[in-house]
Amino acid sequence: MTDDSEKLKSLFSIREKLLTEKWAGVNDTTPVNTSQYSFDDSDRQKTFDEGLVDPDQQAAFQQYREEWYRRAKEFDAGPMPLSVGIELVSTCNLNCPMCYTITEEFQNSVIGGQRMLPWPIVKAILDEAAELKVPSILFSWRGESSLYRSVHEGKTYNIADAFAYARKKGIMETSVLTNGQTLTPELSAQLIAADASWINISIDGVDEVYNLVRTPKNKRGKADYDAFAVICENIRTFVRLRNEAGKRRPKLRSNTIFPAIAKDPEGYKRKMIEIGIDWVTVNEILDFRGSGPTGEELPEEAIVKDWACQYPFQRLMISANGIIVPCTGAHNEEKGLVLGRYLGTPAKSTRAVDGSIAITDVKEVSLLEAWTGKKLENIRYMHKTGQRACIRPGCRNCRHGAVKHGVTWLPEDWNLSTMNWEGHIFRNG
């Protein structure tokens, strides 16, 4: 490790330092929030956190964050999930080179008529989550949630309606991950009025680097389209509208993979602050490559043997086709992790390697039934007893449980000129 590398690493800090330090040495086989780092001043991060909820909710919010760590460290699932992820949309308007959603494996695993979760199902999930007193809702997973449109009884509902309904039901924290390219002034105003807690915007690099990664497929090669200029204007407009409304929410957080800012990290940070981002973060890039012709297995040397996952004790994810899984890592809806399909959703269609269509039907379950069911109970047991690699397909090939390289990892075959991972083939996992 060179001095320059050490200096670079010092720029990034742990997301929730106090909680991480509090639980240090307790069940270190289950790390919490270790793939994301803060790239910002501590006072700005504090202001961000304090602005997510109202003053009279601060104590409850802190208790929820404490519980996020405690459950993972003590292998205690509690009576209900702390977070429910609702994938409103499983498709995206971009085609980013490092994203698993562009792969044939993913496309085959999620095909079917239901690529947007119907509004009545969204409402039903939020109703149950509120009844269970779930503190946090994430309105995204693999797709671009700002594309959400669901027609019900003659009215078209969008993502702002989902936020507004969650707020109406008393959900404490609501958030979404977006590429921000479709964040129009109209949608921004709606999201501000809906009182979302925070919006995480993926902004990989600045200027030409961002354009290499985040330019929409149908805009690539067009000299009159500057994707980075679009995202900057969208954010500036959002902040202006928020200020004019006299609101401090939704907070804006930016996120990037490290290779996209490797040439000038500090310049990236300055630019994010200048356009109005409230908190700048950086993700460690994970290697989603498998081995062998189908990529179904990670090589043994890549699997961390003494590792257990936090998510089965914290959250549930519901895909746009209604499939329930215990984590964001089950992005192909692997059979070993499917807990059921949410009440009222149809059976799922999938495409096999030979192109044939199959109907995959699983039991309809509520959030509570999925959380307390035998399958998730067994998944937790396998993690707790060091047997998670036996869950296949599923946890064995999880890249969160693979050997890590650190936040400043720049793969040897990453091409900084093209922002491509040369020879990189995404596989299942």
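The values are calculated or read from the model by the stated rules, or taken from the named source; none is laboratory data. Quick caveat: nothing in here was measured; it's all calculated off a predicted structure. Neighbour counts are summed over all protein chains in view; Cβ atoms, including those assigned to glycine, are modelled from backbone coordinates with ideal geometry. The area values use the complete protein model at the heavy-atom level, side chains included, leaving out ligands, DNA and RNA. Shrake-Rupley method; radii C 1.70, N 1.55, O 1.52, S 1.80 Å.
Among residues other than TYR225 with Cβ under 12 Å from its Cβ, the summed charge is +3 (Lys and Arg +1, Asp and Glu -1). Protein-only accessible surface at a 1.4 angstrom probe places the residues LEU126, LEU286 in the order LEU286, LEU126, largest first.
Put a plus charge on the Cβ of each Lys and Arg, a minus charge on the Cβ of each Asp and Glu, and nothing anywhere else: the dipole of the chain about its Cα centre is then about 800 debye. Using heavy atoms of the protein chains and a probe of 1.4 Å, the accessible area assigned to ASP413 is about 60 Å². Semi-axis lengths, largest first, of the ellipsoid equivalent to the stretch 123-282 are 29, 17, 15 Å, with √(5λ) applied to each eigenvalue of the Cα gyration tensor. Applying the Karplus relation 6.51 cos²θ - 1.76 cosθ + 1.60 with θ = phi - 60° to the stretch 150-160 yields 3J(HN,Hα) values of 9, 8, 9, 6, x, 10, 9, 9, 10, 5, 5 Hz, where x marks Gly and Pro.
Projected label points at GLU208 and LYS17, each 7 Å from Cα along the beta carbon direction, are separated by 3.6 nanometres.
Of the residues TYR342, PHE258, PRO185, the one whose Cα sits farthest toward the positive end of the charge dipole of the chain, with +1 on the Cβ of Lys and Arg and -1 on the Cβ of Asp and Glu, is TYR342.
For the stretch 39-83, the extents of the C-alpha atoms along the principal axes are 32, 27, 14 Å, listed from largest to smallest. Across the stretch 388-394, rounded Karplus estimates of 3J(HN,Hα) from the backbone phi angles (6.51 cos²θ - 1.76 cosθ + 1.60, θ = phi - 60°) give 5, 5, 7, 7, 9, x, x Hz, Gly and Pro being marked x. If you run the Gaussian network model on the chain, springs between alpha carbon atoms under 10 Å, then out of GLN57, GLN314, GLN45 the most flexible one is GLN57. Distance distribution P(r), the stretch 1-88, all Cα-Cα pairs, bin width 10 angstrom from 0: 13, 37, 36, 11, 2 percent. Using only the C-alpha atoms, the convex hull of the chain corresponds to 152 Å³ per residue. Residue separation of ALA24 and ASN378 scaled by 0.36 nm, minus their Cα-Cα distance, works out to 124.8 nm of gained length.
Once the Cβ-Cβ distance of ASN243 and ASP127 is raised to the sixth power relative to R0 = 25 Å, the FRET efficiency obtained is 0.15.
For the set LYS169, LYS348, the ranking by accessible area, highest first and with no ligand, DNA or RNA atoms included, is LYS169, LYS348 under a 1.4 Å probe.
Which entries in the list LYS348/LYS375; LYS222/LYS251; LYS73/LYS271; LYS263/LYS305 go over 25 Å, if you measure between the two C-alpha atoms of each? Over 25 Å apart, Cα to Cα: LYS222/LYS251; LYS73/LYS271; LYS263/LYS305. Remark: the chain carries 43 Å² of accessible area per residue (probe radius 1.4 Å; ligands, DNA and RNA excluded).
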